[in-house]
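The values are calculated or read from the model by the stated rules, or taken from the named source; none is laboratory data. Every value quoted in this text rests on a predicted model; they were computed, and no experiment measured them. Glycine also receives a Cβ, built like all others from the backbone with ideal geometry; neighbour counts cover every protein chain displayed. Quick note on the areas: whole protein, heavy atoms, side chains included, nothing else; ligands and nucleic acids left out. Shrake-Rupley method; radii C 1.70, N 1.55, O 1.52, S 1.80 Å.
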Amino acid sequence: MEIIKLRDEYIKLGQALKAANLAGSGVEAKYAIEEGRVLVNGQVEYQRGKKLRAGDVVTFDGNTIKIEE
C-alpha cells in the first residue's frame, strides 16, 4: 500500500495517481479514470479532479493508495 501525505487540505485524484507512480502522466491518469478503472473508497470514480482528503483510499490495477495528513 502506497501512502500519500497531504501537503494541503486535499489532493486531486489524477495528481494522486501520478504521485504514487501508478500513472506516468496526467493523460494516462485521465484515461484510467474515464474508463472506470479507479475506485475511491470502494466506488468507481470518473472525476479526475475528485478531491481526496485524509482517510480516503484509492484502488487502481490492484494497487492501493491511502491518503494521510
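For first residues located in region 46-69 and open to solvent by 80 Å² or more (accessible area, probe 1.4 Å), partners that are of a type in the set (Lys, Arg) and lie 6+ apart or on another chain with Cβ distances below 8 Å form the pairs 48/12; 48/30; 51/12; 61/37; 69/5.
Looking only at region 1-34, residues that are within 13 Å of residue 67 (Cα to Cα), part of a helix (DSSP H, G or I) and open to solvent by 30 Å² or more (accessible area, probe 1.4 Å) come to 2 in all.
Just checking, does region 35-50 include any residue being closer than 13 Å to residue 2 by Cβ and outside any loop (DSSP other than H, G, I, E, B)?
Narrowing region 35-50 to residues closer than 13 Å to residue 2 by Cβ: none.
No, there is no match, as no residue in region 35-50 is closer than 13 Å to residue 2 by Cβ and outside any loop (DSSP other than H, G, I, E, B).
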